[in-house]
Structure formats: structure tokens, C-alpha cells
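K.L.:
Okay, here's the structure, questions in a sec.
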Amino acid sequence: MDKERIISRIEDCGIVAVVRAESADGARRIVDACIEGGVAAIELTFTVPFAHRVIEELAKAYSPEDIILGAGTAMDPETARIAMLSGANYIVAPYFDEATVRMCNRYRVAVMPGITSVTEAVRAMEAGADILKVFPGEVLGTKMIKAVHGPIPQAKMMPTGGVSVDNAADWIKAGAVAVGAGGALTSGAKTGDYKKITETARLFRERIKEARK
């Protein structure tokens, strides 16, 4: 799927589920719960052992129309390339690494590097970043997005870290094109309560829709 379409679908969804699971089966249960709740954008992190294998299984199990499958915590170009070959449609990194962004652009794969300053935001955009990951969100806060948008209104930003149902609307109103949510969305998996994940996903979507009106 063309990378512009991937970016558009993520923006339309408004939320990326950051998924950490020890197995493909565990990941699929979380993904199923997220999709049922209206969150189809999934970021499988490379903090998971053999993450590329989990991504491969997810890519085989779901239609591209059902899931927007990405890889997170891609710390270098090598990891990004492995993720691409495994089936990831977009790459997310905790910080800006020009070589990783260049790698993604070489293969026309959407990329979201982490940024913590205006300088990093500009450098990432110049390198070809599609969306800027404001990370860690709980440290930088919503004012970071407003500050960057002052001189750079064209910057597309997505906070991750500290994003919850209670503050998701604040991020959207501040100008974020989407939010990334990990434990605040998927914590139910720890106790096997996947219904809770679905319910939380729906709440996230409701808050985001309301904030966009």
C-alpha cells in the first residue's frame, strides 16, 4: 500500500496502538481487541523478542484493509529494513536518526522519528520524516506541539508516552494529527481482560472524534 495512503489512514484513525507481546498469539489477541474497538493502526515494538517474526505472523493473519501494521522502537536502519521485509507498513523510532529516515524513504515506507526540540523537528522533516513522534509525551506536554506549530505550522506530530483516555483530546486540540497509546490502551492484556482493551479503544476513539469537531 502506498505510503501516503498509510499516513492518511493513521491520521483518520487518530490513534496508534503501541503493542508489546511475547508471542504472535498474544499480539493477535491484543490486535483483535483493538480492531474491535475501532483502532486499526498497530505498532509492534522491537522491544519484543523476535519482533520481526511476530510482524510476519500479523501480516499473514490480517488483510491490509483490516490493519495498519507498523514497527516501533526501530533504533537503526538495519532494524527498520528487517521490519519492512517482515511486513511493516510504517516505522516508528524513539529518536531522530537520519540514516533510518533515509532508509525508509529509499523504499517509500512511512517513518515517524522521535523529536524533543524544534531543531530536531526541522532536521527530521528535512530528512523526509512523515510524522514527528513527540516523545516522551508526558515530559514535553501539549505545549510542545503548540510551540513547534508557531514557526512550523506544517509539521505533523503524534505524541507517545503518557497519552491516556483522559488527555487524548487535549493532544488533538493542541494540533496532534494522532496519538500513540501503549499501556493506557493495552494494559488489560496483562490480566487477560481483552474486553477492557476494546472498551478503552472505543473511549479513545470517542474522545478523539469529539476533539476534532
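K.L.:
Quick one: R9 ticks every box in (1) in contact with a strand residue (DSSP E or B) (Cβ under 6 Å, 6 or more places away or on another chain); (2) open to solvent by 10 Å² or more (accessible area, probe 1.4 Å); (3) part of a helix (DSSP H, G or I); (4) closer than 23 Å to E138 by Cα bar one, so which box is it?
P.N.:
The failed condition is (4).
K.L.:
When segment 13-31 is examined, which residues are found to be in a loop (DSSP other than H, G, I, E, B) and closer than 11 Å to A181 by Cβ?
P.N.:
Selection gives G14 alone.
K.L.:
OK, next. Tell me which of these A51 doesn't satisfy, since it passes every other one: (1) aliphatic (A, V, I, L, M); (2) in contact with a Phe, Trp or Tyr (Cβ under 6 Å, 6 or more places away or on another chain); (3) over 24 Å from M157 (Cα atoms).
P.N.:
Unmet for A51, out of (1) aliphatic (A, V, I, L, M); (2) in contact with a Phe, Trp or Tyr (Cβ under 6 Å, 6 or more places away or on another chain); (3) over 24 Å from M157 (Cα atoms): (2).
Here's the yes/no breakdown for (1) buried (at least 17 other Cβ atoms within 10 Å of the Cβ); (2) closer than 24 Å to M112 by Cβ:
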position: V163; (1), (2): yes, yes
position: A168; (1), (2): yes, yes
position: G180; (1), (2): yes, yes
position: L185; (1), (2): yes, yes
position: G188; (1), (2): yes, no
position: K195; (1), (2): no, no
position: K213; (1), (2): no, no
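K.L.:
Across segment 47-93, what is the total count of residues that are part of a loop (DSSP other than H, G, I, E, B), at pLDDT 95 or above and either surrounded by fewer than 18 Cβ atoms within 10 Å (Cβ to Cβ) or small (G, A, S) (or both)?
P.N.:
6
K.L.:
Tell me, please, whether a residue that is open to solvent by less than 40 Å² (accessible area, probe 1.4 Å), in contact (Cβ under 8 Å) with a residue 60 or more places away in the chain and of a type outside the set (F, W, Y) can be found in segment 100-109.
P.N.:
yes
K.L.:
Against the definition (within 20 Å of I197 (Cα to Cα) and part of a strand (DSSP E or B)), how does I42 come out, yes or no?
P.N.:
Considered against the rule, which asks whether it is within 20 Å of I197 (Cα to Cα) and part of a strand (DSSP E or B), I42 comes out as yes.
K.L.:
Which residues, counting only those in segment 15-46, are open to solvent by less than 10 Å² (accessible area, probe 1.4 Å) and closer than 13 Å to I91 by Cα?
P.N.:
V16, V18, A41, I42, E43, L44, T45
K.L.:
Turning to a different aspect of this structure: Using beta carbons and a limit of 6 Å, which pairs, at least six apart or on different chains, have the first residue in segment 153-167 and outside any loop (DSSP other than H, G, I, E, B) and the second one open to solvent by less than 30 Å² (accessible area, probe 1.4 Å) and aromatic (F, W, Y)?
P.N.:
As it stands, the answer is P159/W171, since those pairs meet every condition given.
K.L.:
Which one is surrounded by the fewest Cβ atoms within 10 Å (Cβ to Cβ) among residues in segment 113-161 that are basic (K, R) and at pLDDT 95 or above?
P.N.:
It comes out as K143.
K.L.:
May I ask you to verify whether I35 is touching a Phe, Trp or Tyr at 6+ places or on another chain (Cβ under 7 Å) and either modelled with pLDDT under 95 or under 24 Å from F204 (Cβ atoms) (or both)?
P.N.:
no
The values are calculated or read from the model by the stated rules, or taken from the named source; none is laboratory data. This structure is a prediction, so every number in the text was calculated from the model and none was measured. In this analysis, Cβ positions are derived from the backbone assuming ideal geometry, glycine residues included, and neighbour counts consider all displayed protein chains. All accessible areas refer to the heavy atoms of the entire protein, side chains included, with ligands and DNA or RNA removed. Shrake-Rupley method; radii C 1.70, N 1.55, O 1.52, S 1.80 Å.
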